[in-house]
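So the structure is just underneath, and the comments pick up after that.
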Amino acid sequence: MTPLLLPSEILSMSAQAARLLVESGDGDGALLYLALLECGGDGDKAAARLRWQEARLRPAWERLAGLGLAQPPSSAPPPPPRQDDRPPEYTRGDVAAALEKEPDFQGLCRELEGMLGRVFTDSDLRCAYTIYDHLGLPPEVILLLAGWAVRRERRAKNSPAACPRMPQIQRLAFQWKRLGLDTLERAEDYLRRQEAVDGREWAVLQAVGVAERRPAVEREREYIAAWVGMGLSDELIRMAYERTVYQKKAMNWPYMNKILLSWHQAGYKTPQQVEAGDKPPRRSAAGVKAPPRDFQPSQERIQKNNDWLDQFLEEQQRGGGEGVL
């Protein structure tokens, strides 16, 4: 028998919102939007309903804000109750028993030793058992995590022989657990997005004036990941950088992010579209709008737009929206 659906048990969204969420490909953003619908638009209740850590909740808020579907609460959403993440103090006997009685853990340690190119010490084994037993990550997810940690370490140190230590891998495992990356499907989707950022990172750094090749620092990478997720081209990023430096006299990541968000919300994909959007319409002698010519916007026009962005950024900061990605 089909259950009776009362009016209070039905949620609805616009087709435009659904289309934006689907095109963004952001599952967390879609879940947060559904929670907002369920909670009547109350951001605090939606955050409490999801029970996510801040590291997962903030990017979802930022993505919805970038899509124009929601604004973060005036005050930061209260973080969910923090659980004690401290792992048990495993003894050598605990680890030895696991190696003897749990074939999956024994096989995992062999694979990790081969991946990291060394025989594990007691400390390494305790780290591996913490990830396996305390965090409960499946062996295939742990191996995926370790492989990504190796690639990241070699890229950061520009050395094909560099390998992370097990405590580093353990810290990453705690991050993955907090992000909900506890299945192979979620972990693979996360790494696909990270690899897309890896492939664009240096080009974006060059577009914002970095001359010496280096990895992006954590905060830079957060901005780059957001811009890659929005599908912004290197040329558009370079134009936003030039306008940022023109207005601020130096690189300013939050200010530049506001420019790119405004362009993304306007649907601009190329510098030509931005320039066309900046131009006032020309009228012929008969009073009919003439086709726009291909010319650069005036300095006065650029200054006017930049002043507007400054005012918008200040209002966001006064309203508690500072740092929205």
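The values are calculated or read from the model by the stated rules, or taken from the named source; none is laboratory data. As the structure is a computational prediction, the values presented were derived from the model and not from experiment. Neighbour counts run over all protein chains shown; Cβ positions are idealised from the backbone, glycine included.
Tell me, yes or no, whether the stretch 207-223 has at least one residue that is more than 28 Å from Glu140 (Cα to Cα) and among the hydroxyl-bearing types (Ser, Thr, Tyr).
Yes, some residue in the stretch 207-223 is more than 28 Å from Glu140 (Cα to Cα) and among the hydroxyl-bearing types (Ser, Thr, Tyr).
Working carefully through the options Glu185, Glu220, Glu201, find the one that is within 19 Å of the chain's Cα centre (by Cα) and under 27 Å from Leu112 (Cα atoms).
Just one listed residue meets the conditions, Glu185.
Could you give me the residue pairs with C-beta distances under 8 Å whose first residue belongs to the stretch 189-213 and is of a type in the set (Asp, Glu), whose second residue is surrounded by 13 or more Cβ atoms within 10 Å (Cβ to Cβ) and at pLDDT 90 or above wherever it lies, and which are 6+ apart or on separate chains?
Listed pairs, sorted by first residue: Glu201/Ile224.
Criterion first (out of contact with any Leu (no Cβ under 9 Å at 6 or more places or on another chain) and either in contact (Cβ under 8 Å) with a residue 12 or more places away in the chain or loosely packed, with under 15 Cβ neighbours inside 10 Å (or both)) does Asp182 satisfy it?
Spelling it out, it is not the case that Asp182 is out of contact with any Leu (no Cβ under 9 Å at 6 or more places or on another chain) and either in contact (Cβ under 8 Å) with a residue 12 or more places away in the chain or loosely packed, with under 15 Cβ neighbours inside 10 Å (or both).
Kindly establish whether Arg192 is part of a helix (DSSP H, G or I) and surrounded by fewer than 15 Cβ atoms within 10 Å (Cβ to Cβ).
Against the criterion (part of a helix (DSSP H, G or I) and surrounded by fewer than 15 Cβ atoms within 10 Å (Cβ to Cβ)), Arg192 qualifies.
Specify the residue that is modelled with the lowest pLDDT; the eligible residues are those in the stretch 8-31 that are touching a Pro at 6+ places or on another chain (Cβ under 9 Å) and within 20 Å of Leu232 (Cα to Cα).
Within the stretch 8-31, the match that is modelled with the lowest pLDDT is Asp26.
This table checks each residue for (1) part of a helix (DSSP H, G or I); (2) in the same structural domain as Glu23 (by TED's automatic domain parsing); (3) modelled with pLDDT of 90 or more.
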| site | (1), (2), (3) |
| --- | --- |
| Ala211 | no, no, yes |
| Ile224 | yes, no, yes |
| Gly231 | no, no, no |
| Glu235 | yes, no, yes |
| Val245 | yes, no, yes |
| Tyr255 | yes, no, yes |
| Ile259 | yes, no, yes |
| Glu275 | yes, no, no |
| Gly287 | no, no, no |
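How about the stretch 127-165: which of its residues are under 21 Å from Val95 (Cα atoms), part of a loop (DSSP other than H, G, I, E, B) and small (Gly, Ala, Ser)?
The one that is under 21 Å from Val95 (Cα atoms), part of a loop (DSSP other than H, G, I, E, B) and small (Gly, Ala, Ser): Gly136.
Find all pairs meeting these conditions: Cβ atoms under 8 angstrom apart; at least six residues apart or on different chains; first residue within the stretch 146-158 and touching a residue at least 12 places away in the same chain (Cβ under 8 Å); second residue part of a helix (DSSP H, G or I) and not aliphatic (A, V, I, L, M).
Trp148/Gln194; Ala149/Gln168; Glu153/Gln168; Arg155/Asp198
Considering only residues that are aliphatic (A, V, I, L, M) and in contact with a helix residue (DSSP H, G or I) (Cβ under 7 Å, 6 or more places away or on another chain), which ones fall in the stretch 185-205?
Correct list: Ala187, Leu191, Ala196, Val197, Ala203, Val204.
Of all residues in the stretch 96-138, how many are crowded, with 17+ Cβ neighbours inside 10 Å and either within 19 Å of Arg171 (Cβ to Cβ) or among the polar types (S, T, N, Q) (or both)?
Adding up the residues that qualify gives 18.
Whether any residue in the stretch 300-322 is among the hydrophobic types (A, V, I, L, M, F, W, C), over 21 Å from the mean Cα position of the chain (by Cα), at pLDDT below 65 and in a loop (DSSP other than H, G, I, E, B) is what I want to check.
Within the stretch 300-322, not a single residue is among the hydrophobic types (A, V, I, L, M, F, W, C), over 21 Å from the mean Cα position of the chain (by Cα), at pLDDT below 65 and in a loop (DSSP other than H, G, I, E, B).
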